[in-house]
Amino acid sequence: MIRFERQTVQAHFRLPTGEAVVARVEIRVNPVTGRTSRIAYSRTGEREAATESFPDPPPFAGDTARCPFCAINLSTRTPRLLTSYDATGRLVRGESVLFPNLFPYGAHSAVSLFDDRHFVPIGTASAASYTNCFRNCAEFLRRVRAEDPEAVYMAITQNHLPSAGGSLLHPHLQIQADRVAANHQRFLQARAARHLTETGRLLFSDYLENEKRIGERTIGATGPWQWLAAFAPEGFFEVWGILPGATSLFQVTAAAWEGLAQGVLNTQRFYRGLNRNGYNLGLLSIEDTTSRLELRVVILARSNYAPWVRNDHTGFEVMLGDMATFTSPEETAEAARRFWR
Ligand SMILES: [Zn+2]
(Lines give C-alpha, C1' and ligand atoms only; values in the text may rest on other atoms or scores of the structure.)
Protein backbone atom coordinates (compact mmCIF):
# COMPACT_ATOMS: atom_id res chain seq x y z
CA MET A 1 0.00 0.00 0.00
CA ILE A 2 1.13 3.55 -0.71
CA ARG A 3 0.72 5.66 2.40
CA PHE A 4 1.89 9.25 2.84
CA GLU A 5 2.38 9.42 6.59
CA ARG A 6 3.74 12.35 8.53
CA GLN A 7 3.73 13.66 12.05
CA THR A 8 5.01 16.78 13.73
CA VAL A 9 7.09 17.02 16.87
CA GLN A 10 7.76 20.28 18.67
CA ALA A 11 10.83 21.55 20.46
CA HIS A 12 10.09 24.06 23.23
CA PHE A 13 12.70 26.50 24.50
CA ARG A 14 13.29 30.17 25.19
CA LEU A 15 15.32 32.60 23.12
CA PRO A 16 18.16 34.54 24.77
CA THR A 17 15.64 37.39 25.12
CA GLY A 18 13.36 35.13 27.16
CA GLU A 19 10.76 34.80 24.43
CA ALA A 20 9.16 31.35 24.28
CA VAL A 21 9.69 29.42 21.05
CA VAL A 22 8.05 26.34 19.59
CA ALA A 23 10.15 24.89 16.78
CA ARG A 24 8.38 22.47 14.44
CA VAL A 25 10.03 19.35 13.06
CA GLU A 26 8.11 17.13 10.65
CA ILE A 27 8.86 13.42 10.50
CA ARG A 28 7.77 11.76 7.25
CA VAL A 29 7.71 8.09 6.30
CA ASN A 30 8.97 7.24 2.82
CA PRO A 31 5.99 5.42 1.22
CA VAL A 32 8.34 3.12 -0.69
CA THR A 33 10.99 2.24 1.88
CA GLY A 34 9.30 2.92 5.23
CA ARG A 35 12.36 4.95 6.23
CA THR A 36 11.75 8.15 8.15
CA SER A 37 13.26 11.52 7.35
CA ARG A 38 12.86 14.92 8.94
CA ILE A 39 12.17 18.44 7.84
CA ALA A 40 13.58 20.96 10.30
CA TYR A 41 11.43 23.99 9.54
CA SER A 42 13.36 26.30 11.87
CA ARG A 43 16.23 26.12 9.37
CA THR A 44 14.08 27.01 6.33
CA GLY A 45 15.53 30.09 4.68
CA GLU A 46 18.75 29.86 6.66
CA ARG A 47 21.72 31.25 4.75
CA GLU A 48 24.00 28.35 4.02
CA ALA A 49 27.65 29.00 3.31
CA ALA A 50 28.45 29.63 -0.37
CA THR A 51 24.82 29.81 -1.52
CA GLU A 52 24.52 33.63 -1.54
CA SER A 53 25.54 33.49 -5.19
CA PHE A 54 26.51 30.74 -7.61
CA PRO A 55 30.01 29.50 -6.59
CA ASP A 56 33.03 30.27 -8.75
CA PRO A 57 34.52 27.42 -10.79
CA PRO A 58 37.14 25.43 -8.87
CA PRO A 59 40.70 26.76 -9.37
CA PHE A 60 41.68 23.68 -11.39
CA ALA A 61 38.71 23.95 -13.79
CA GLY A 62 41.02 24.77 -16.69
CA ASP A 63 43.51 21.99 -16.03
CA THR A 64 42.74 19.92 -19.09
CA ALA A 65 46.35 18.81 -19.71
CA ARG A 66 46.27 16.38 -16.79
CA CYS A 67 42.69 15.18 -17.29
CA PRO A 68 42.50 11.58 -18.58
CA PHE A 69 38.99 12.27 -19.94
CA CYS A 70 39.98 15.19 -22.17
CA ALA A 71 40.37 14.19 -25.83
CA ILE A 72 44.14 14.87 -25.86
CA ASN A 73 44.68 12.18 -23.20
CA LEU A 74 41.71 9.87 -23.66
CA SER A 75 43.23 7.27 -25.99
CA THR A 76 46.42 6.82 -23.94
CA ARG A 77 45.05 7.14 -20.39
CA THR A 78 41.67 5.38 -20.35
CA PRO A 79 41.20 1.60 -20.48
CA ARG A 80 39.50 -0.35 -23.25
CA LEU A 81 36.58 -2.75 -23.29
CA LEU A 82 37.23 -6.39 -24.06
CA THR A 83 37.01 -7.09 -27.77
CA SER A 84 33.93 -9.25 -27.20
CA TYR A 85 32.17 -5.98 -26.29
CA ASP A 86 33.60 -3.78 -29.00
CA ALA A 87 36.49 -4.12 -31.41
CA THR A 88 37.63 -0.53 -30.86
CA GLY A 89 37.47 -0.82 -27.06
CA ARG A 90 35.25 2.23 -26.60
CA LEU A 91 31.60 2.91 -27.38
CA VAL A 92 30.90 6.17 -29.17
CA ARG A 93 27.56 7.86 -29.72
CA GLY A 94 27.66 11.45 -30.92
CA GLU A 95 30.28 13.10 -28.70
CA SER A 96 29.78 10.60 -25.89
CA VAL A 97 32.58 8.07 -25.31
CA LEU A 98 32.24 5.06 -22.98
CA PHE A 99 35.07 2.88 -21.61
CA PRO A 100 35.71 0.67 -18.56
CA ASN A 101 36.15 2.24 -15.14
CA LEU A 102 39.84 1.98 -14.24
CA PHE A 103 38.72 1.73 -10.60
CA PRO A 104 35.72 -0.65 -10.78
CA TYR A 105 33.14 -1.04 -8.01
CA GLY A 106 31.76 -4.28 -9.44
CA ALA A 107 32.10 -6.90 -12.18
CA HIS A 108 30.92 -4.58 -14.95
CA SER A 109 31.89 -1.00 -14.27
CA ALA A 110 32.21 1.70 -16.93
CA VAL A 111 32.40 5.45 -17.40
CA SER A 112 30.52 7.41 -20.06
CA LEU A 113 31.59 10.94 -21.03
CA PHE A 114 29.10 13.49 -22.34
CA ASP A 115 31.59 15.27 -24.60
CA ASP A 116 35.05 16.87 -24.61
CA ARG A 117 34.08 19.79 -22.35
CA HIS A 118 36.27 19.51 -19.25
CA PHE A 119 34.23 21.67 -16.89
CA VAL A 120 30.49 22.03 -17.42
CA PRO A 121 28.73 24.02 -14.69
CA ILE A 122 25.45 22.52 -13.52
CA GLY A 123 22.52 23.29 -15.81
CA THR A 124 24.62 24.31 -18.82
CA ALA A 125 25.00 21.01 -20.71
CA SER A 126 23.12 20.32 -23.93
CA ALA A 127 20.18 17.92 -23.96
CA ALA A 128 21.84 16.09 -26.87
CA SER A 129 24.99 15.41 -24.81
CA TYR A 130 22.90 13.84 -22.02
CA THR A 131 20.75 11.86 -24.46
CA ASN A 132 23.81 10.43 -26.21
CA CYS A 133 25.51 9.64 -22.91
CA PHE A 134 22.45 7.83 -21.51
CA ARG A 135 22.02 5.87 -24.73
CA ASN A 136 25.70 4.94 -24.65
CA CYS A 137 25.19 3.59 -21.12
CA ALA A 138 22.17 1.56 -22.26
CA GLU A 139 24.15 0.15 -25.18
CA PHE A 140 26.98 -0.92 -22.86
CA LEU A 141 24.47 -2.57 -20.52
CA ARG A 142 22.85 -4.34 -23.47
CA ARG A 143 26.25 -5.83 -24.27
CA VAL A 144 26.80 -6.76 -20.62
CA ARG A 145 23.48 -8.61 -20.69
CA ALA A 146 24.65 -10.56 -23.75
CA GLU A 147 28.05 -11.37 -22.15
CA ASP A 148 26.91 -12.04 -18.58
CA PRO A 149 23.12 -12.53 -18.45
CA GLU A 150 23.18 -13.13 -14.70
CA ALA A 151 24.56 -9.64 -13.99
CA VAL A 152 21.02 -8.26 -13.76
CA TYR A 153 21.60 -5.61 -11.06
CA MET A 154 22.29 -2.48 -13.10
CA ALA A 155 22.69 1.20 -12.34
CA ILE A 156 23.60 4.50 -13.94
CA THR A 157 24.87 7.15 -11.54
CA GLN A 158 26.40 10.60 -11.56
CA ASN A 159 28.50 12.54 -9.05
CA HIS A 160 28.62 16.16 -10.18
CA LEU A 161 31.62 17.86 -8.53
CA PRO A 162 33.78 16.50 -5.68
CA SER A 163 31.25 17.52 -3.00
CA ALA A 164 28.96 14.89 -4.53
CA GLY A 165 31.75 12.29 -4.62
CA GLY A 166 33.10 13.07 -8.08
CA SER A 167 36.82 12.33 -8.32
CA LEU A 168 37.32 13.88 -11.75
CA LEU A 169 35.84 17.25 -12.71
CA HIS A 170 35.25 16.22 -16.34
CA PRO A 171 31.51 15.35 -16.40
CA HIS A 172 30.66 11.68 -16.76
CA LEU A 173 28.19 8.97 -15.76
CA GLN A 174 29.13 5.72 -14.03
CA ILE A 175 27.58 2.47 -15.20
CA GLN A 176 27.41 -0.59 -13.02
CA ALA A 177 26.17 -4.18 -13.46
CA ASP A 178 26.62 -7.11 -11.12
CA ARG A 179 25.25 -10.53 -10.24
CA VAL A 180 25.11 -9.34 -6.65
CA ALA A 181 22.43 -6.78 -5.77
CA ALA A 182 23.25 -3.55 -3.95
CA ASN A 183 21.14 -2.79 -0.87
CA HIS A 184 18.67 -0.52 -2.66
CA GLN A 185 18.27 -2.92 -5.58
CA ARG A 186 17.68 -5.86 -3.23
CA PHE A 187 15.12 -3.92 -1.22
CA LEU A 188 13.30 -2.38 -4.19
CA GLN A 189 13.06 -5.66 -6.09
CA ALA A 190 11.35 -7.29 -3.10
CA ARG A 191 9.21 -4.22 -2.41
CA ALA A 192 7.94 -4.03 -6.00
CA ALA A 193 7.21 -7.77 -6.03
CA ARG A 194 5.31 -7.55 -2.73
CA HIS A 195 3.32 -4.55 -3.95
CA LEU A 196 2.31 -6.40 -7.09
CA THR A 197 1.24 -9.48 -5.12
CA GLU A 198 -0.75 -7.46 -2.60
CA THR A 199 -2.39 -4.94 -4.92
CA GLY A 200 -2.02 -6.25 -8.47
CA ARG A 201 -0.36 -2.96 -9.35
CA LEU A 202 3.12 -1.77 -10.25
CA LEU A 203 4.76 0.08 -7.35
CA PHE A 204 5.93 3.32 -8.97
CA SER A 205 2.88 3.59 -11.28
CA ASP A 206 0.73 3.31 -8.18
CA TYR A 207 2.90 5.82 -6.32
CA LEU A 208 2.63 8.25 -9.24
CA GLU A 209 -1.15 7.92 -9.47
CA ASN A 210 -1.44 8.68 -5.77
CA GLU A 211 0.82 11.71 -6.14
CA LYS A 212 -1.11 12.98 -9.17
CA ARG A 213 -4.36 12.73 -7.22
CA ILE A 214 -2.83 14.74 -4.34
CA GLY A 215 -1.09 17.14 -6.74
CA GLU A 216 1.11 18.88 -4.15
CA ARG A 217 4.44 17.40 -5.19
CA THR A 218 4.05 16.85 -8.93
CA ILE A 219 6.37 19.01 -11.03
CA GLY A 220 5.80 18.19 -14.69
CA ALA A 221 6.54 15.78 -17.52
CA THR A 222 9.27 15.44 -20.14
CA GLY A 223 8.06 13.00 -22.77
CA PRO A 224 6.86 9.89 -20.90
CA TRP A 225 8.86 10.74 -17.72
CA GLN A 226 6.82 12.12 -14.82
CA TRP A 227 8.61 14.33 -12.29
CA LEU A 228 7.83 15.00 -8.64
CA ALA A 229 9.42 16.07 -5.38
CA ALA A 230 10.13 13.14 -3.03
CA PHE A 231 7.56 12.99 -0.20
CA ALA A 232 10.14 12.06 2.47
CA PRO A 233 13.43 13.36 1.04
CA GLU A 234 16.74 11.75 1.89
CA GLY A 235 18.61 14.56 0.17
CA PHE A 236 18.18 18.31 -0.31
CA PHE A 237 15.61 19.25 -2.98
CA GLU A 238 15.19 15.57 -3.93
CA VAL A 239 13.42 15.06 -7.25
CA TRP A 240 12.18 11.79 -8.75
CA GLY A 241 11.51 11.03 -12.40
CA ILE A 242 9.32 7.97 -12.98
CA LEU A 243 8.86 6.15 -16.29
CA PRO A 244 5.60 4.36 -15.53
CA GLY A 245 5.26 0.82 -16.81
CA ALA A 246 8.91 0.46 -17.89
CA THR A 247 10.63 -2.33 -15.95
CA SER A 248 13.77 -2.52 -18.11
CA LEU A 249 16.30 -0.07 -19.50
CA PHE A 250 15.85 -1.86 -22.82
CA GLN A 251 12.23 -0.72 -23.05
CA VAL A 252 13.30 2.93 -23.10
CA THR A 253 12.81 4.40 -26.57
CA ALA A 254 15.12 6.99 -28.15
CA ALA A 255 12.45 9.63 -27.50
CA ALA A 256 12.20 8.56 -23.85
CA TRP A 257 15.99 8.91 -23.39
CA GLU A 258 15.58 12.46 -24.72
CA GLY A 259 12.82 13.02 -22.19
CA LEU A 260 15.06 11.80 -19.38
CA ALA A 261 17.88 14.11 -20.53
CA GLN A 262 15.50 17.07 -20.58
CA GLY A 263 14.17 16.34 -17.10
CA VAL A 264 17.69 15.95 -15.69
CA LEU A 265 18.69 19.31 -17.19
CA ASN A 266 15.50 20.95 -15.88
CA THR A 267 16.44 19.69 -12.41
CA GLN A 268 19.99 20.98 -12.84
CA ARG A 269 18.69 24.44 -13.80
CA PHE A 270 16.44 24.37 -10.73
CA TYR A 271 19.48 23.62 -8.55
CA ARG A 272 21.51 26.31 -10.29
CA GLY A 273 18.67 28.73 -9.50
CA LEU A 274 19.22 27.82 -5.83
CA ASN A 275 22.97 28.54 -6.24
CA ARG A 276 23.77 24.84 -5.83
CA ASN A 277 26.63 23.47 -7.91
CA GLY A 278 26.79 19.76 -6.95
CA TYR A 279 24.37 16.89 -7.23
CA ASN A 280 23.91 13.13 -7.43
CA LEU A 281 21.78 11.15 -9.86
CA GLY A 282 20.86 7.48 -9.84
CA LEU A 283 18.81 5.23 -12.11
CA LEU A 284 18.56 1.60 -10.98
CA SER A 285 17.27 -1.37 -12.91
CA ILE A 286 16.97 -5.08 -12.40
CA GLU A 287 17.19 -6.78 -15.78
CA ASP A 288 15.51 -9.98 -14.73
CA THR A 289 12.31 -10.87 -16.57
CA THR A 290 10.59 -11.52 -13.25
CA SER A 291 11.40 -8.08 -11.81
CA ARG A 292 8.52 -5.63 -11.66
CA LEU A 293 10.56 -2.68 -10.47
CA GLU A 294 9.89 0.28 -12.75
CA LEU A 295 12.50 2.83 -13.76
CA ARG A 296 12.88 5.81 -11.46
CA VAL A 297 15.68 8.35 -11.51
CA VAL A 298 16.52 10.03 -8.21
CA ILE A 299 18.28 13.40 -8.21
CA LEU A 300 19.35 15.40 -5.17
CA ALA A 301 21.43 18.50 -4.49
CA ARG A 302 24.58 18.04 -2.43
CA SER A 303 26.56 20.47 -0.35
CA ASN A 304 28.13 23.09 -2.56
CA TYR A 305 31.65 22.54 -3.81
CA ALA A 306 33.22 25.71 -2.40
CA PRO A 307 35.67 26.42 0.44
CA TRP A 308 34.51 25.63 3.96
CA VAL A 309 31.03 24.43 3.08
CA ARG A 310 29.63 22.03 5.63
CA ASN A 311 28.80 18.48 4.56
CA ASP A 312 25.07 17.78 4.25
CA HIS A 313 25.40 14.48 6.15
CA THR A 314 25.90 15.32 9.82
CA GLY A 315 26.07 13.06 12.85
CA PHE A 316 22.29 13.01 12.73
CA GLU A 317 22.14 11.42 9.27
CA VAL A 318 25.18 9.18 9.68
CA MET A 319 24.44 7.94 13.19
CA LEU A 320 20.64 8.08 13.49
CA GLY A 321 19.90 7.29 9.86
CA ASP A 322 17.25 10.00 9.38
CA MET A 323 18.03 12.63 6.75
CA ALA A 324 17.14 16.13 7.88
CA THR A 325 16.37 18.71 5.21
CA PHE A 326 15.03 22.25 5.61
CA THR A 327 12.43 22.76 2.89
CA SER A 328 9.07 21.05 2.52
CA PRO A 329 8.79 18.85 -0.60
CA GLU A 330 5.65 20.80 -1.52
CA GLU A 331 7.73 24.02 -1.66
CA THR A 332 10.44 22.18 -3.62
CA ALA A 333 7.84 21.12 -6.20
CA GLU A 334 6.40 24.63 -6.38
CA ALA A 335 9.85 26.17 -6.92
CA ALA A 336 10.85 23.53 -9.50
CA ARG A 337 7.74 23.75 -11.70
CA ARG A 338 8.82 26.86 -13.61
CA PHE A 339 11.85 24.93 -14.95
CA TRP A 340 9.46 22.46 -16.61
CA ARG A 341 7.35 25.12 -18.37
ZN1 LIG B 1 38.82 16.81 -18.99
(request) For TYR279, TYR105, give the ranking by accessible area with the largest first, probe 1.4 Å. (result) TYR105, TYR279
(request) Skip the ligands, DNA and RNA, and give the accessible area per residue of the chain with a 1.4 Å probe, whole Å². (result) 46
(request) Find the percent of Cα-Cα distances in the chain that exceed 35 Å, and round it to a whole number. (result) 23
(request) Take region 205-331, compute every pairwise Cα distance, and split them into 5 Å bins from 0; I just need the percent in each bin. (result) 2, 10, 18, 21, 19, 14, 10, 4, 1, 0
(request) Could you look at the chain and say what percent of its accessible area is carbon and sulfur, using a 1.4 Å probe and all protein chains? (result) 53
(request) Distance from a point 7 Å along Cα→Cβ of ARG142 to each backbone N in region 63-102: keep the residues under 20 Å and list them by number. (result) 81-100
(request) Only helical DSSP H runs with n ≥ 4 go in: add -39500 (n - 2.57) per run for the chain, normalise by residue count and round the 222 nm mean residue ellipticity to 500 deg cm²/dmol. (result) -8000 deg cm²/dmol
(request) Give, as a single signed number, the net charge of other residues whose beta carbon lies under 12 Å from the beta carbon of GLY241, with Lys and Arg counted +1 and Asp and Glu -1. (result) -1
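The values are calculated or read from the model by the stated rules, or taken from the named source; none is laboratory data. Every value quoted in this text rests on a predicted model; they were computed, and no experiment measured them. Glycine gets a Cβ as well: all are built from the backbone with ideal geometry, and neighbour counts include every protein chain shown. Just so you know, the surface numbers come from the protein's heavy atoms only, side chains and all, with ligands and any DNA or RNA stripped out. Shrake-Rupley method; radii C 1.70, N 1.55, O 1.52, S 1.80 Å.
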